[in-house]
Amino acid sequence: MTLTETKIKTISLNEVAELADLDINQELYSKTGIFIRRNVFVNEFRKAIKSVDKDIFRLKEVRIFFLKKGDVKYLLNFEEYEIKSSSLVILPPNCVLEIKEVSAEAECEIIAVNEAFFESESMVKIFSPLWMQPYIHRLTGDEMDIVEKYFSLIQTLRENSSVNSSKSSLQYLMVSFIMNAKSFAEKEKEEDTHSPYKVSIFHRFVSLVSEHYKQQRTVGFYAERLSLTPHYLSALIKQTSGETVMQWINKMVVFKAKELLKEGNLLVYEIADELNFPNPSFFSRFFKKQTGITPFQYQKQNFRDVRPDVR
C-alpha cells in the first residue's frame, strides 16, 4: 500500500498521554493551552513512539523541542532532517512526522501548544510564519542559557495556580520566546551568508550554470554535481544571493539569448535551437515571461533592419 493510499492518523497530545501513560494534568492543559515536560530521556521517546503504534502520524498541536543532548533523525512532511544536540525545533500543527532514529543519550525538553492558545489575531500573526516550515536552529552557548530560562519560567508560570491571568501571561511570555527564537535564526542567517564554505559553493554553482545552462535546467543536476541535496542547494543559493537556483539558470539563458539577438545574424528560431528550446514558440514565451517583450520585439529595439522570423 502506498502513502497516498494510507490514511495518516492524526495524534493529539491527549491520545499520546493516554497511550503512553503520561500525566499531562488535563485541567491545567485546558486552562493554559500549554503542556511542558522537562528532562525527557530516550526511553520516554521510544515509549511514546511505540505507544502510537504507527510508523508515521500527524501531530495535531504545535511542538517545541529543546534537544539538549543526543541526535534525532526524522521525516517531517516527507523530508528528512537530522537534529543535533543543543538544538531548538518548532514543529507546526498538523505536520506529518516519522521518527527514524533517536540516539541513546538523547535528552530534551518539550512544549506542546494547543489551538485554543492562539485565540487572538495578534497571536496568530506572530506565530503564523513558523507554520510555513519547521524551525530548526543549533543553539550557541548563550542561546542555550536563554532557552533554558524560558522553559523554566514557562513551567513556573504555568504551574502557579495563584496567577489568575496565567493564560494571558503565558501568551505574552511565549511571544517573547518566539521573537527571541526568530532573532537567533536571523543572526545565523546573516552569519551564514558570509560563510566561506557557502560562498565557495555559490561560486561553483554559478560556474556550473555558465557551463551547462543550455542543456541542464534543473535543480537536481546542479545539486548532484555539487554533492548536495536539491533542498539544501536551493536554500543555500537563496540565502547567499537572494535569488533561487531557477532564477540564476533563467538569468543565464536570458543573458545569452540577448547576446545572440543583439548580434543580429540569427533568426529567433535559430536562437531557440541554439539554446536547446523544443521550438521557437516555447522560447518566445520564455523570453517574454522573463523580459516582458518577445525576442523579435527585442531585436527591433536594437536594430532597424530585422529579418522576419520565418524559416
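The values are calculated or read from the model by the stated rules, or taken from the named source; none is laboratory data. Worth saying up front: this structure is predicted, and the values here are computed from it rather than measured. Quick reminder, even Gly has a Cβ in these numbers, built from the backbone with ideal geometry, and neighbours come from all protein chains shown. The protein model used for the area step is the full one, side chains on, heavy atoms only, and it has no ligands, DNA or RNA in it. Shrake-Rupley method; radii C 1.70, N 1.55, O 1.52, S 1.80 Å.
Every listed requirement among (1) within 29 Å of ASP142 (Cα to Cα); (2) at pLDDT 85 or above; (3) open to solvent by 40 Å² or more (accessible area, probe 1.4 Å) is met by PHE41 save one, (2). Residues in region 139-160 that are over 15 Å from ASN180 (Cβ atoms), touching a residue at least 24 places away in the same chain (Cβ under 8 Å) and surrounded by fewer than 18 Cβ atoms within 10 Å (Cβ to Cβ): GLN155, GLU159.
Here VAL253 does not qualify as touching an Asp or Glu at 6+ places or on another chain (Cβ under 7 Å) and surrounded by 15 or more Cβ atoms within 10 Å (Cβ to Cβ).
Within region 220-235, the residues that satisfy the criterion of being in a loop (DSSP other than H, G, I, E, B) and surrounded by 13 or more Cβ atoms within 10 Å (Cβ to Cβ) are LEU226, LEU228, THR229.
Tell me, which residue of region 17-36 that is of a type in the set (A, V, I, L, M, F, W, C) and modelled with pLDDT of 80 or more is farthest from ASN94 (Cα to Cα)? Step by step, filter region 17-36, then rank; the result is LEU28.
When you scan region 267-284, do you find a residue that is out of contact with any Lys or Arg (no Cβ under 7 Å at 6 or more places or on another chain), surrounded by 15 or more Cβ atoms within 10 Å (Cβ to Cβ), closer than 30 Å to PRO196 by Cβ and free of Cβ contacts under 8 Å to residues at least 24 places away in the same chain, even just one? So far as region 267-284 goes, no, none of its residues is out of contact with any Lys or Arg (no Cβ under 7 Å at 6 or more places or on another chain), surrounded by 15 or more Cβ atoms within 10 Å (Cβ to Cβ), closer than 30 Å to PRO196 by Cβ and free of Cβ contacts under 8 Å to residues at least 24 places away in the same chain.
The set of residues in region 198-219 being open to solvent by less than 30 Å² (accessible area, probe 1.4 Å) and more than 15 Å from MET246 (Cα to Cα) consists of LYS198, ILE201.
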